[in-house]
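The values are calculated or read from the model by the stated rules, or taken from the named source; none is laboratory data. Please read all numbers here as calculations on a predicted model, not as lab measurements. Note that we place each Cβ from the backbone using ideal geometry, even for glycine, and neighbour counts take in every protein chain shown. Please note that ligands, DNA and RNA were not included when accessible areas were found on the heavy atoms of the full protein model with its side chains. Shrake-Rupley method; radii C 1.70, N 1.55, O 1.52, S 1.80 Å.
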Amino acid sequence: MAAEQASMHEATWRDTWKEFKWALGDRKPITLANGIRTIDYQVWRISFGTRQPGMFAVQPYVVDTNPIILRELREDRCGTALYSKLKEVSPERLFPAEYYYLQYQLPGAPFTIRVRIDNRDEVVRCYKELGRLSHRRRLALGDRGALCLVPRVEGAPCFDFEPEDLVTQGEMRSHQSLTAFLGDLYMAGRISALEFDHVMHQNGGEMRKETFKLIPAREQPRHEYLNSPPKPKKELPPEDKYHLGLVTLGEFRDLKRPDLARQKAKLSKRWPIEERTFLCVVCGEDRGTIKCMECENRCCAQCVRLQFSEYVNPEAGPGGGLVDPMDGAAGGGPGGEAAEDPQTFLLLHHIYCQRNGRILHVQKATAVTKRPGRRKLKPM
């Protein structure tokens, strides 16, 4: 009984030693980017797509990856470490990382496991589970289709056979990215030197629109932002303006305390304060200061004096008396009769603002009649 147990133990130890020698023999030391030599890596044999039954079915591509290092997977924050390894050996152009699952089935396991290749934790866990197998057994997984890259949507193609995008640098929101894209088009011979100069001499908004026209139609929906109006620039706070040297210390104080700035400006004014002038509604000169009593129009002092205060009534009596601004009556001169005159400042709105013209002077003759008094009754 003891001899049988010893032989079984020796056989188990011999198999383990063989697997250990295979692992060391197949994994030769490699030099990392930091200069360290290591054998702590794995090489996966992956099939792109699943195997289809049938003699004439199209079988997937099976390739060996470059060395996959656990440290790189753990330090991957964007979920692109494994995806970049797959892109290096892929026979065709791949879709983005969120398009795929890494599907594998360990030997003897009754189920398959799917790993999101853009999830760091799931990829590290897959690396550790595959690390329990020897190098040859890991390669055997890919040979029989147990380790493959499949789309997340059933029936979707595994490779992107559409023409490669012309815009490869992502969104072009800065002037530098637009210039780099136009330079690539010119170097590739897609545009001439005249077209390049025409687009480069445009201003910001026109340059974005002209660049949008050079993008292929199938890619234009992803770059509609080039046709949108630019966002208004935000005004810098007073602190940033002062640090950048855009304002002085006094101007910074005024920006921080606008109430004190208004009070300071008020105290710095000279008295009397110069009155603001407007266009005169009579002569059209920029010297109107007297406001109309009905609207917002202004009239200058000279026009008020000439057209109203010192206005000569042509229909006055002999002597051509002047208009009295207080009672609106024109003196008829010696022997002349006083006449009612309509040329008063109250008619400024009617004459000039509404453009109705002057009211014709009509001198009315009034007959003075005595009102009959009450009849007194004599006492009886």
Seminar exercise, completed: Sole miss for CYS148 among (1) in contact (Cβ under 8 Å) with a residue 60 or more places away in the chain; (2) of a type outside the set (Asp, Glu); (3) open to solvent by 40 Å² or more (accessible area, probe 1.4 Å) is condition (3)
For this session: With the condition kept exactly as written, say whether any residue in segment 220-241 is farther than 29 Å from GLY205 by Cα and of a type in the set (A, V, I, L, M, F, W, C).
Result: no
Exercise. Out of all the residues in segment 146-202, which are under 28 Å from LYS85 (Cα atoms), modelled with pLDDT of 90 or more and not in a loop (DSSP other than H, G, I, E, B)?
Worked result: LEU147, CYS148, LEU149, VAL150, PRO151
Exercise. With ARG270, ARG218, ARG276 as the choices, which residue is within 28 Å of SER177 (Cα to Cα) and either modelled with pLDDT under 90 or in contact with a Gly (Cβ under 6 Å, 6 or more places away or on another chain) (or both)?
Worked result: ARG218
Exercise. Only one of (1) open to solvent by less than 20 Å² (accessible area, probe 1.4 Å); (2) farther than 19 Å from VAL43 by Cβ fails for TYR127. Which number is that?
Worked result: (2)
For this session: Test TYR99 against the criterion of being at pLDDT 90 or above and open to solvent by 50 Å² or more (accessible area, probe 1.4 Å), and give yes or no.
Result: yes
Problem set entry | Residue identified as aromatic (Phe, Trp, Tyr), open to solvent by 40 Å² or more (accessible area, probe 1.4 Å) and more than 24 Å from ARG218 (Cα to Cα) among PHE111, PHE161 | PHE111
